[in-house]
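Participant: Below you'll find the structure I mean.
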Amino acid sequence: MLKATAFTQVLWFPEESAAAKKISDRKGQVGMKKWLAALAAAVSLMIPAALSQAETKTIVLATDMHYLSPSLTDYGERFMETVYASDGKIIQYSAEICKAFAEDMLRLSPDAVILSGDLTLNGSAASLEEFADLMRPLEEAGIQVLAIPGNHDVGGKAYSFAEDGIRSFPAAKAAEYEAIYADYGLNESVQRDEASLSYIAQVGDALRLVMLDVNANGTEGSVREKTLEWLETQLREAQEKGMAVIGVSHQNLLPQNPYYSAGVMINRPQKLRALYEKYGVSLNLSGHTHMQHIAFEGSLTEIVTSSLILTPCQYGVITVEDGKPVSYDARAVDVEAWAGQHGEEKEDLLHFTEYAPAFFVDVVGRKVRAILAGAEIPEEERQRMEDFAVMTSLRDFTGTRTAGDEEADLALWLQYLPNNGFTYYLKGAVAESGWPMVHYDFP
Ligand SMILES: [Fe+2]
């Protein structure tokens, strides 16, 4: 952003400026400097004032990258069984996707990169450290990296994968996470909470972010009363200082879909929502479901960015002017470019734009076929149900919903498998067809 001072310097020739002297000598106009000074002052009052008043910031949100240290897997059969049992996340290339993401960020050079939790597959210290190392060049390039833990980063069990079995070991403790990620938000915070790893981040002059940790405080998905008290003080202070505030959490603040909101939201979010409404916080950014989604309730908008390692491996780019969000755009990590530049030989990575959705279709197709196998369905209808379920799921996760003749296909699921959980899921996804949730212009 061109600041008034910079703009004025361009027009204002200082006393000893060679350019000013040259003009003065050539024209022989004694009053030239004074005239230029008057002109610069007039212009700086008019044009630059308008330019400098709007502070534009670019913020990226990436989430649920579930980084797994290559030292913890042999990428063998047992490991791939786990990958296929998951929801389509490309865990086998989490390291490569995260490296490509880091390079994308260095090219994009946003003001801040928010990492909203589930940084690792299952919270091993090795994965936490390696992922933190991948983000270090961003900080060194002057990009604010701001992280919070998800429900898979701290406490519980971590795993390693080998042919002779899957071994579990204790995941990192909150203190270990804090030590590794202190430079990514906590150390440079406006204020941090004593009851959790929550903190307030300042981005530019006009915006503060509530980086809310609801996972490392001992109760997954919950906001402690003490944290709410701390938060109210912070929101009041921000209001007094005329700062805009955007919330960030791992789990969702709003129900994104009535058919599957249970278990993915912040527990008892009413008090938090009331606080945000009271202090004019109108946007929350989150992840956790691995699905791209936008929801509205009252004065609140929540944008859920899909998992960074699930096709198309996207992150959200939010443009903010004077603290006010203007637009949100999901963009895919350019894994192919990274693979080409780094001499990768794996075809999956070199042709990642084809591989990523095909892998998702493969994973979900296996699950859907297993569900359909249990019911007596004529072959033609079974195939139609499978195709519909896989494509609906793909559109749902990637946020690229389009209206179609889905009702007829959904009717088959309701007819043959009326009480199956997957039918409920499809019902919810179809109910929302019609608008893509990868782009949003704020009103
Ligand atoms: Fe999560």
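Only the coordinates and a few stated rules stand behind these numbers; no lab work does. Keep in mind it's a predicted model, so treat the numbers as computed, not measured. All Cβ positions, even for glycine, are placed from backbone atoms using ideal geometry, and neighbour counts span all protein chains on display.
Participant: Please list, by residue number, every one of the trypsin sites (Lys or Arg not before Pro) in the stretch 212-319 that is coil in DSSP and has at most 12 other beta-carbon atoms within 10 Å. Could the numbers behind the result be given before it?
Facilitator: Numbers: sites: ARG224, LYS226, ARG236, LYS241, LYS271, ARG273, LYS278; in loops: ARG224, LYS241.
Those satisfying the criteria are LYS241.
Participant: Let's see if you can work this out: charge +1 on each Lys and Arg Cβ, -1 on each Asp and Glu Cβ, no other charges. What is the dipole magnitude of the stretch 100-255 about its Cα centre, in debye to the nearest 20? Intermediate values should be presented prior to the final figure.
Facilitator: Values: 11 positive and 26 negative charges, 67 e Å.
For this selection, approximately 320 debye.
Participant: Could you put SER393, SER222 in order, starting from the residue whose Cβ has the fewest other Cβ atoms within 10 Å?
Facilitator: SER222, SER393
Participant: Could you line up ARG107, ARG401, ARG331 from fewest to most neighbouring Cβ atoms inside 10 Å? Intermediate results must be reported in sequence, preceding the final value.
Facilitator: Numbers: ARG107 8, ARG401 21, ARG331 15.
The most exposed by this proxy come first: ARG107, ARG331, ARG401.
Participant: Between the stretch 112-148 and the stretch 252-283, what is the C-alpha centre distance in whole Å?
Facilitator: First find each Cα centre; the distance between them is then 25 Å.
Participant: Would you mind counting up the charge near GLY242? Only other residues with Cβ under 14 Å from its Cβ, with Lys and Arg at +1 and Asp and Glu at -1.
Facilitator: On the way: positive: ARG208, ARG236, LYS241, LYS324; negative: GLU55, ASP205, GLU237, GLU240, ASP322.
Around GLY242, the charge tally is -1.
Participant: Moving on to the next point. Which whole-number percent of Cα pairs in the stretch 142-207 have a distance greater than 20 Å?
Facilitator: On the way: 891 of 2145 pairs.
Of all Cα-Cα distances in the stretch 142-207, 42 percent exceed 20 Å.
Participant: What residue among TYR440, SER116, GLY242 has its Cα farthest toward the positive end of the dipole of the chain, where the charges are +1 on Lys, Arg and -1 on Asp, Glu, each on the Cβ?
Facilitator: Selected residue: GLY242.
Participant: At q = 0.19, 0.21, 0.23 Å⁻¹, what log₁₀ I(q)/I(0) does a Debye calculation on the Cα points of the stretch 348-439 give, no solvent, two decimals?
Facilitator: Debye curve over Cα of the stretch 348-439, log10 I(q)/I(0) at q = 0.19, 0.21, 0.23 Å⁻¹: -0.89, -1.04, -1.19.
Participant: For the chain, set up a GNM with springs between Cα atoms under 10 Å and report which of LYS367, LYS173, LYS346 has the largest fluctuation.
Facilitator: LYS346
Participant: To continue, here is another question. Rank ALA206, PRO357, ASN284 by how far each Cα sits towards the positive end of the charge dipole of the chain (+1 on Lys, Arg Cβ; -1 on Asp, Glu Cβ) and give me just the farthest.
Facilitator: So the residue we want is ALA206.
Participant: Using only the Cα atoms, work out Rg/Rh for the chain, with Rh taken as the Kirkwood radius, to two decimals. Intermediate values should be presented prior to the final figure.
Facilitator: Working: Rg = 25.5 Å, Rh = 24.0 Å.
Rounded to two decimals, Rg/Rh equals 1.06.
Participant: Over the Cα atoms of the stretch 110-247, how large are the radius of gyration and the largest Cα-Cα distance (Dmax), in Å?
Facilitator: 16.0, 60
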